[in-house]
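Shown next, in structure tokens, is the structure this report addresses.
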Amino acid sequence: MLVFKSKLKGMQQQYDALDEAIRTARFIRNSRLKYWQENQRIGRADLSRYCAVLTGTKKTISHQ
């Protein structure tokens, strides 16, 4: 597993944008993994096309 660590100094708006980007990346990763598990005979190109479908889908992820 690749882990990046850094100390950031920024404004709250920047932290919120970073958190949203992380949540979006996790959502896409988990959705692709689930799609792959349900459809074992798919390849990289199929997963890439599915990612394009996900980008068109607007789902709200809230952590509260």
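The values are calculated or read from the model by the stated rules, or taken from the named source; none is laboratory data. These numbers come from a predicted model, not from an experiment. Virtual Cβ from ideal backbone geometry, glycine too; neighbours counted across all protein chains shown. These accessible areas exclude ligands, DNA and RNA; they are computed on the full protein's heavy atoms, side chains included. Shrake-Rupley method; radii C 1.70, N 1.55, O 1.52, S 1.80 Å.
For the stretch 4-32, give me each residue that is under 13 Å from the mean Cα position of the chain (by Cα) and farther than 19 Å from G56 by Cβ.
As a first pass, look at the stretch 4-32 and keep what is under 13 Å from the mean Cα position of the chain (by Cα): 18-32.
Matches in the stretch 4-32: L18, D19, I22.
Every condition in (1) modelled with pLDDT of 90 or more; (2) loosely packed, with under 10 Cβ neighbours inside 10 Å holds for D16 except the one numbered (2).
Being at pLDDT 90 or above, among the hydrophobic types (A, V, I, L, M, F, W, C), in a helix (DSSP H, G or I) and open to solvent by less than 100 Å² (accessible area, probe 1.4 Å) is the requirement here; does A45 meet it? I'd like the intermediate steps shown before the answer.
Working: at pLDDT 90 or above: no; among the hydrophobic types (A, V, I, L, M, F, W, C): yes; in a helix (DSSP H, G or I): yes; open to solvent by less than 100 Å² (accessible area, probe 1.4 Å): yes.
Judged against the criteria, A45 is not a match.
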